[in-house]
Amino acid sequence: MKISFQHINKWFGKVHANNDINFTIPSGTIQGILGENGAGKSTLMKVLTGFYQADSGEIFLDDKAVTISSPEDAVMMGIGMLHQDPLDFPPMKVIDNFLLGTRGGLFPNRKQVEKDITRLSQEFDFQINPDSFVETLTVGERQQLEILRLLWLGVKVLILDEPTTGISANQKEKLFATLLKLASQGLTVIFVSHKLEEVEQLCSRVAVFRQGQLVGEVMPPYDTDQFVYMMFGKSVEVADKSTFRSEVPYIKLENISLEDYRLRLRDINLEINCGEVIGLAGMEGSGQRLFLRMLTGLMRPVGGSILYGGHNFTGRTYPVFQKAGVAYLPAARLEEGLIPGMTLTEHFILSEEHHELFVNQKSAIDLTEDRIREFYIKGTPASQIEQLSGGNQQRALLALLRNKLRLILMEHPTRGLDIESAIWIWSKMKERCKDCTSIVFTSSDLDEIIQYSDRILVFFGGLVSKPIDADTTTVDELGQLIGGKGW
Amino acid sequence: MSLEPRAGQTPSILKKSTWIDFGIRLTAVILALVFTSLILVIAKAQPLEAYKSILQGAFGTTIKFTSVIASWVPLVIATSGLLFTFTAGLWNIGMEGQIVMGAVFTVGAFRIFDETGLDPSLVIFLAFLAGAAGGIFWALLPGLMKIYGGVNEIFGGLGLNFVAKTAAIWLIFGPWKRPGVASGSGTEWIDIPFRLPYIPGTNLSLTILIIAIIVAVFTAIMLKGTHFGLRLKAIGKNDKAAYILGIPTTRYFLLAFGLCGLFAGIAGAILVTSKQYSLIPDAGFGYGFLGLLVAMLVNYHPIWSAVIAFFFAALSIGNTELQYMGLNSYFAGVLQGFLVLFVVLVDGVRKRLVTKL
Ligand SMILES: Nc1ncnc2c1ncn2[C@@H]1O[C@H](COP(=O)(O)OP(=O)(O)OP(=O)(O)O)[C@@H](O)[C@H]1O
Ligand SMILES: [Mg+2]
């Protein structure tokens, strides 16, 4: 299906999120959308799928003007979207998840639907069992499920808003193969991302957004520097690798064993030094999360001991760790990190320790304004957290970290950040390392892990590698380990 | 799309949404009145007559007016308590039972101190303390069951309501029965010096009015101005994130239940010392349930809750007048029902509009 935007404008209060957007996506193409955080990408996609109504302007589908008044409406017209922050998945079976979205009949034809799922699943080489429960699927599998569901509903346009965070390299390959196949069948795919190399590899055309405006459309062959220049109005350099790792050990793990219902990690021994950055690599669900949560006291090890600065912290709870200067930055930012429905100011008040009774609104707003400036958050002190763009939510999450910390644990810290912000955030984090703060983080981006870590641990099916020196390893070597080779 | 944070923006945004909120609630009230009138017309009654007699019934005389205030007092106290649990995201359905327990403990205290010869005002004070303890005790139970037993507070509360009422009935017909006959009309009345005196010529005790105002103001300040209130709100909206931000969620859950129980207990003590003077099977008079209704209607906003509670109190006192005039005595029920319906409805419409904005 051919999509055409004509003079689309969308305001949020004083924010002009989409400023006179005009462009056309021909049928059967993979359209890339690039742009800095808060550029208006998600907003335009939400206008196209009926989540928001444009204040002015028109959308044409196959040259017919349409009004899309709700997401259901959009699906009826053949437009489906995979969201940046996946919507809640209820505890139900895959097949019921499919049936839920159908209109027809009081008594759905389960047999037929089951067959359809299996057929579609095979067509795209996904392994999704209609009878498994949705909550047991990994992020990547849920995404596959959602794609299948939308295709099954007959969509002609598939929108993916930053789909590659949190999925494994293998799943990413499958996703890309699927998208290429769909485009060749005549579907229109819209691919929103901050990862330039992905966009370059996949998209047959790219639109670049900046500050609410469409600043240009680019056809291959692509030039990465040109993209960067269009997005930020300047070129962006990755800073030289720096290290602040001292020889003073601060954290000591002795024979730690961890367990949850799926996974078991045995006898981990590690010393983390002051100012050191440790990157955790591995497929999603290989134990990195258990490991991080153990270091915060959110997960109790089944064996071994944890020493923080010489004190035994084994079996202590999260508040004790927090008091000792440990901070945790979860990946599911809207579920575990931030509080939808509360303002930025309220978040900053909550994040600091307060012993007085009354809230000092004035100083809270001042603090919030400082942090907004310092972290370039696009929003006001009174903005509700869910009104921020995805990348700005991530900045808020990082801005909430307290000042004096000994250990920061982060899951996908630059998830959803544009390139410039990712570089800048890391420079801020490294600043902290100078003051002897240690960092442990996970990422699905191996370049990020190699660039910013001092040492790397690779996780594979319950195994944890010896610490690998980040200066001497390569993406290939890590990739092999992640895939289970060379253990 | 340039957006500079500006200090002046916060209050104006706040103000705007408060007015929109007010407008929405007003629309709901008007719709409820219109539909109730329609029902009355269908039932061949005179809507205007009905409203007039309600107004007369509620405000016609000093006695009536002060009765409205006397019935507003326990309602606003119960609602205030519920605002704490609601803010923390807890459904304290057990409120009614907590008020009953407050009444039970109050009456129990009077029975203990009855013959001691202590100064009556000291005894009353001790009885209020006992009532408060009873309410807190009964409110902490669903809290502990939720935290340590994984029992949803709604089920815990429902069960405890039942137990509280059964306990009251058992006391009335058993250990605390009147000399001679045990009767469903309640235990023996407390001695006159223990009853809170009314302001001459009215139906209202000044003490309870002062207590209610203190409770309502305390609640508004705690919820809107303090770190405590903000943390409760955070827990209510996302307890996982609140915990990771550093709020001890378990302790705050229990504090919310405890405060709610404290107010329930005080409401129970007030009902004993200024209204019933004894323990009756229905010792909570339904104020716990009505409080839940008010708290939901005002969307957990403390100041509005005082206003709406007054409206409900006037409605129920005024409604008694209708019976004398031969009009349908279910009038107040119908109006209250429509009110809830329209507030929920209008709120739903607003949410739709907001996402479309
Ligand atoms: N519901 C909302 N209410 C108010 N402002 C909003 C709302 N949604 C988005 N905005 C604002 O509109 C602007 C564009 O947001 P949008 O989510 O489209 O950005 P984006 O390009 O997707 O950015 P990111 O890369 O960070 O996801 C931002 O400044 C954001 O704060
Ligand atoms: Mg976005």
Residues located in the stretch A:365-376, provided they are more than 7 Å from chain B (Cβ to nearest Cβ) and open to solvent by less than 10 Å² (accessible area, probe 1.4 Å): A:368
Only one of A:120, A:158, A:180, A:145 that is assigned to a helix (DSSP H, G or I), more than 16 Å from ligand 1 (Cβ to nearest atom), in contact (Cβ under 8 Å) with a residue 40 or more places away in the chain and open to solvent by less than 30 Å² (accessible area, probe 1.4 Å): A:145
In the stretch B:271-318, anything among the hydroxyl-bearing types (Ser, Thr, Tyr), modelled with pLDDT of 90 or more and farther than 16 Å from residue B:92 by Cβ is listed as B:273, B:274, B:277, B:278
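Residues are listed down the side, and each one gets a yes or a no for (1) among the basic types (Lys, Arg); (2) within 15 Å of residue B:213 (Cα to Cα); (3) crowded, with 19+ Cβ neighbours inside 10 Å:
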| site | (1), (2), (3) |
| --- | --- |
| B:47 | no, no, no |
| B:51 | no, no, no |
| B:60 | no, no, no |
| B:67 | no, no, yes |
| B:71 | no, yes, yes |
| B:76 | no, yes, yes |
| B:82 | no, no, yes |
| B:86 | no, no, yes |
Criterion: under 16 Å from residue A:441 (Cβ atoms), of a type in the set (Phe, Trp, Tyr) and either outside the structural domain of residue A:483 (by TED's automatic domain parsing) or over 26 Å from the mean Cα position of the chain (by Cα) (or both) - qualifying residue of A:227, A:244: A:244
Determine which single condition residue A:308 fails, assuming it passes every other condition in (1) buried (at least 20 other Cβ atoms within 10 Å of the Cβ); (2) within 14 Å of chain B (Cβ to nearest Cβ); (3) in contact with a Gly (Cβ under 9 Å, 6 or more places away or on another chain). (2)
Within 14 Å of ligand 1 (Cβ to nearest atom) and in contact (Cβ under 8 Å) with a residue 40 or more places away in the chain, is that true of residue A:48? yes
Scan the stretch A:45-82 for residues that are part of a strand (DSSP E or B) and more than 22 Å from the chain's Cα centre (by Cα) and jot them down. A:56, A:57, A:58, A:59, A:60, A:61, A:64, A:65, A:66, A:79
Of all residues in the stretch A:26-52 being within 12 Å of chain B (Cβ to nearest Cβ) and away from ligand 2 (no atom under 11 Å from the Cβ), which is modelled with the highest pLDDT? A:47
Which condition from (1) within 11 Å of chain A (Cβ to nearest Cβ); (2) aliphatic (A, V, I, L, M); (3) closer than 29 Å to residue B:278 by Cα is the one that residue B:212 breaks? (1)
For the stretch A:321-364, the count of residues that are open to solvent by 50 Å² or more (accessible area, probe 1.4 Å) and among the β-branched types (Val, Ile, Thr) equals 0
Just need a number here: residues in the stretch A:377-401 that are surrounded by 19 or more Cβ atoms within 10 Å (Cβ to Cβ) and away from ligand 2 (no atom under 16 Å from the Cβ). 6
For the stretch B:257-270, state whether one or more residues are open to solvent by 40 Å² or more (accessible area, probe 1.4 Å) and either outside any helix (DSSP H, G or I) or in contact with an Asp or Glu (Cβ under 6 Å, 6 or more places away or on another chain) (or both). no
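The values are calculated or read from the model by the stated rules, or taken from the named source; none is laboratory data. Since the model is a prediction, treat every value here as computed from it, not as a measurement. Note that each Cβ is placed from the backbone with ideal geometry, even for glycine, and that neighbours are counted across all protein chains shown. With ligands, DNA and RNA removed, areas are computed over all heavy atoms of the protein, side chains included. Shrake-Rupley method; radii C 1.70, N 1.55, O 1.52, S 1.80 Å.
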